[in-house]
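Worksheet for the structure shown next.
The values are calculated or read from the model by the stated rules, or taken from the named source; none is laboratory data. What you see is a predicted model; the values in this text were computed from it and never measured. Virtual Cβ from ideal backbone geometry, glycine too; neighbours counted across all protein chains shown. Surface accessibility is based on the protein's heavy atoms, side chains included, excluding ligands, DNA and RNA. Shrake-Rupley method; radii C 1.70, N 1.55, O 1.52, S 1.80 Å.
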Amino acid sequence: MKLGVNVDHVATIRQARLAAEPDPVIAAAQAESGGADSIVIHLREDRRHIQDRDLRLMRQTVRTRLNLEMGTAREIVAIALEVRPDQVTLVPERRKELTTEGGLDVMAHRERVVEVVEGFDAKGIPASLFIDPIPEQIAAARQVGAKIIELHTGAYANATTPAARLAELKKLEQGARFAANLKLMVAAGHGLTYFNVTEVVAIREIGELNIGHSIIARAVLVGIDRAVREMKQLMAR
Ligand code: PXP
């Protein structure tokens, strides 16, 4: 199973002091040496963590795959089309949120999503859609031409009782199966940690996990190479 490591929070620490360090570009290289299969960054409209310079440098330095998370704002789409990451992941983006709160509502934003997915397709860049594990959203993702989806694991990660956690895990399982039957490639992520990842790893239809906060939090204490290595060990099938 593949691991995409999101290094946004390295930039969050840097931006806390508007300083030059720590550099997410260096963190990305070290995450790769720890076994990351791809590097994920989110260029937000408000540039609260990742900066344009980080994206441009990582385009040159990342040796695995660069997956750019982004909203569908015209400015960001134009930058992405110019820099050409290996993949983009479309997420909903609200200015005040602490992190991406829910999945993209593909049905509600169908017209714009089709336009953006087709724009990237034309440049040979696959666009993944970050959506909740709801059959209607998964079917809509297929209809707008996406070939990859990322299932939002936040509800599973935030479940407070064993019964709720199991119910959310079932939704992920069923969603992943439904998507695989539609010939979509399935990734998952958000809120995954060293303590809740193994149940998600057991879902065979999910081929990739994208994890940020938990790995960077651990990296502060043990180093990013070891933090990534330990997560990969948990994900071995
Ligand atoms: N996948 C997507 C689409 C995200 O927006 C995020 C958060 O940036 C993640 C995965 C990683 O979430 P976390 O930081 O909670 O591991």
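Key figures for this structure:
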item	result
Whole-percent carbon and sulfur share, accessible surface of the chain, 1.4 Å	55 percent
Proximal charge balance of residue 178 [Cβ under 13 Å; K/R count +1, D/E count -1]	+1
Stokes-Einstein D (µm²/s) once Rh is taken as the Kirkwood radius of the stretch 110-215 over alpha-carbon pairs, at 4 °C in 1.567 mPa s	92 µm²/s
Projected label distance in nm at residue 161 and residue 194, using a 7 Å step from Cα toward the beta-carbon	3.0 nm
Accessible area per residue in Å² at 1.4 Å probe, computed on the stretch 1-149	46 Å²
Rounded Å value of the spacing that divides the Cα centres of the stretch 172-208 and the stretch 2-35	25 Å
Estimated translational D of the stretch 45-96 in µm²/s (Stokes, Kirkwood radius over Cα pairs; 4 °C; 1.567 mPa s)	113 µm²/s
At least 27 Å along the helix axis (C-alpha) and Kyte average at least -1.0, DSSP helices within the chain	162-181
Over the chain: helical MRE at 222 nm, DSSP H runs n ≥ 4 each giving -39500 (n - 2.57), nearest 500	-14000 deg cm²/dmol
Additional length obtainable on full extension of the chain from residue 47 to residue 122, 0.36 nm per residue less Cα span	24.3 nm
Summed residue charge, Cβ within 12 Å of residue 210's Cβ, Lys/Arg positive, Asp/Glu negative	-3
Cα-based shape type of the chain, given that a ≥ b ≥ c are square roots of the gyration tensor eigenvalues and the cut on a/c is 1.5	oblate
Residue of 92, 133, 22 that the Gaussian network model of the chain assigns the largest fluctuation, springs spanning Cα pairs under 10 Å	22
Shape call, the stretch 154-237: gyration tensor on alpha carbons, a/c limit 1.5	oblate
Under 29 Å, Cα to Cα: Lys pairs in the chain, sequence gap 8 or more or different chains	18
Rg/Rh ratio calculated on Cα atoms of the stretch 13-102 (Kirkwood radius)	0.95
The stretch 1-102: relative contact order as a whole-number percent, Cα under 8 Å and 6+ apart	23 percent
The stretch 1-64: equivalent-ellipsoid semi-axes (sqrt of 5 x gyration tensor eigenvalues, Cα, Å)	20, 11, 11
Computed label-point distance, nm, for sites residue 229 and residue 21 using a 7 Å Cα→Cβ extension	2.2 nm
